[in-house]
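The values are calculated or read from the model by the stated rules, or taken from the named source; none is laboratory data. Worth saying up front: this structure is predicted, and the values here are computed from it rather than measured. Here the Cβ positions follow ideal geometry from the backbone for every residue, glycine too, while neighbour counts run over all protein chains shown. The protein model used for the area step is the full one, side chains on, heavy atoms only, and it has no ligands, DNA or RNA in it. Shrake-Rupley method; radii C 1.70, N 1.55, O 1.52, S 1.80 Å.
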Amino acid sequence: MKIGDQVRFLSEKGGGRVVGFQKGGIVVVEDEDGFEIPMAQTDVVVVGEEDYDTGRMILAKAASQSNENAQVRSVKSMLNEKAEPVENDVEEEPDYSKVTFRAPVEERKGGNRLSAYLAYVPLDAKNISQCQFECYLVNDSNYFLQYAIFLAEGNSWTLQYQGEIEPNTKEFLADVGREELNALGRVEVQLLAYKKDKPFVLKPAIDVQLRIDPIKFFKLHTFKENDFFEQPALLYSVVENDVVARPLVIDPKELKKRLAGGAGKESSRQENVKREPQKRKGDEDVVVVDLHADELLDTTEGMSASDILSYQLEVFRRKLAEYKNKRGQRLIFIHGKGEGVLRHALINDLNYRYKQYTYQDASFQEYGYGATQVTIK
């Protein structure tokens with residue numbers, strides 16, 4: 001072995017050209033990168049140029065395969081890393097806030113006539129005396145409706161619900177419990193109808209007062225099959241086929257005109273106009289209350305004569321309670337002649353429950369037959 005010989009290592013990969021010798025049998029080998037490597041003479045072997053090149057090719061090939069395997073492993077590792085779920089990596093939901101497209105409103109034939117209802121649906125029809133009710137506003141027309149619904153509190157009103165309801169839809173307003181029924185009393189519904197992005201026939205603004213009768217909520221037959229709910233519901237008409245629901249109040253002069261004579265009274269009952277106590281012009285101390293059943297109730301179907309009489313007396317007592325602190329107040333209760341059952345019941349109450357009040361027959365010229373005047377003392 002001499003300087004310049006090509007050698008390769010026995011105990012490890014590599015080799016090179018001998019460039020020197022050191023004490024202790026150490027051979028200094030220069031590899032192909034120019035680094036001098038001291039190796040024990042027993043760990044190197046002289047090779048021919050061809051043998052060395054072949055060995056170098058084998059070593060290079062092995063190294064190349066090792067690199068390729070490393071790259072393959074690296075790619076697999078990268079794929080595995082992507083496949084592994086990342087903790088707390090929540091997939092973001094698409095942002096629809098900038099989407100402005102809306103499908104055009106589908107109109108139905110006959111829907112250009114306004115129809116709207118206040119609806120009450122029992123949550124458990126089999127237990128009608130105990131269950132709660134869902135209150136809805138139903139828009140059965142091709143118009144958008146801007147609505148405001150108010151609840152009477154004495155002589156004041158409170159806004160309960162407000163919003164916009166789309167054509168041919170119903171909107172849930174609230175759950176109503178049994179304890180809330182008596183507080184409903186009078187409800188005011190105001191509607192403004194319009195269409196969007198198209199011409200339309202202008203409709204007048206609607207302003208209707210409804211009387212919500214608590215007694216109806218205790219009678220299963222008052223909840224009817226309908227086109228809007230799968231179960232029976234109690235519907236109060238606000239407007240139907242462009243005809244606004246009958247008003248809750250009527251002018252006293254009109255009341256007087258209708259009550260003058262039997263024909264007038266019959267006409268009044270046929271028109272079935274609800275009346276709320278209202279003061280007559282020129283006589284601010286008088287409040288008129290019509291106790292006819294068809295004036296107080298939308299329907300008496302399923303109610304016995306006793307049920308109707310009980311409700312009439314309830315209205316009578318409620319009005320006396322309303323004005324109990326207003327001394328000198330005169331109230332005219334119109335009960336009609338009939339068989340005199342209602343008048344007898346009123347007189348009985350006045351004699352035993354309201355002894356402090358005075359009463360007398362009301363003026364025939366003003367109110368016709370069948371009216372009693374009560375004065376608060």
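In sequence order, what are the phi-derived ³J(HN,Hα) couplings for the range 213-221 according to the Karplus relation 6.51 cos²θ - 1.76 cosθ + 1.60 with θ = phi - 60°, rounded to whole Hz, with x for glycine and proline?
8, x, 4, 4, 6, 9, 10, 4, 5
Could you state how much accessible area Asp294 has, in square angstrom rounded to the nearest 10, with a 1.4 Å probe and all protein chains kept in place?
Accessible area of Asp294: about 40 Å².
In Å and on Cα atoms, what radius of gyration and Dmax does the range 94-245 show?
Computed over the Cα atoms of the range 94-245, radius of gyration and Dmax are 16.8, 51 Å.
Name the residues whose placed amide hydrogens come within less than 5 Å of the amide hydrogen of Tyr161, ignoring near sequence neighbours (fewer than 5 apart) on the same chain.
Those qualifying (amide H under 5 Å, at least 5 residues apart or on another chain) are Ile149.
Can you pull the Rg over Rh of the range 178-232, Cα-only, Kirkwood?
On the way: Rg = 16.4 Å, Rh = 14.6 Å.
Rg/Rh for the range 178-232 comes to 1.13.
Per residue of the range 317-333, in order, report the coupling 6.51 cos²θ - 1.76 cosθ + 1.60 (Karplus, θ = phi - 60°) as ³J(HN,Hα) in whole Hz, putting x for Gly and Pro.
Once rounded to whole Hz, the list reads 5, 5, 5, 5, 5, 5, 10, 5, 9, 10, 5, x, 5, 10, 10, 9, 9.
Can you give me the % of accessible surface on the range 320-377 that is carbon or sulfur? Probe 1.4 Å, all protein chains present, nothing else counted. Can you show the working numbers first?
Numbers: 1540 of 3500 Å².
With neighbouring chains kept in place, the figure for the range 320-377 is 44 percent.
Compute the separation of the alpha-carbon centres of the range 160-181 and the range 320-372 and state it in Å as a whole number.
The range 160-181 and the range 320-372 have Cα centres separated by 38 Å.
At 7 Å along Cα-to-Cβ for each site, give me the label-to-label distance between Val244 and Leu192 in nm.
Here the modelled spin labels are 1.5 nm apart.
If you roll a 1.4 Å probe over the range 130-198 with all protein chains in place, what percent of the accessible area is carbon or sulfur? Intermediate results must be reported in sequence, preceding the final value.
On the way: 1390 of 3300 Å².
Reported share for carbon and sulfur atoms: 42 percent.
Quote the FRET efficiency, to the nearest 0.05, computed for Ala174 versus Phe364 with a Förster distance R0 of 35 Å and r equal to the Cβ-Cβ distance. Let's see the in-between values first.
On the way: r = 47 Å, r/R0 = 1.34.
According to the calculation, E is roughly 0.15.
Sorting Glu188, Glu30 by accessible area (1.4 Å probe), largest first, what list results? Could the numbers behind the result be given before it?
Numbers: Glu188 15, Glu30 55 Å².
Solvent-accessible surface, decreasing: Glu30, Glu188.
Just grab the label-to-label distance for Lys109 and Val46, each label 7 Å out from Cα along the Cβ direction, in nm (one decimal).
11.3 nm
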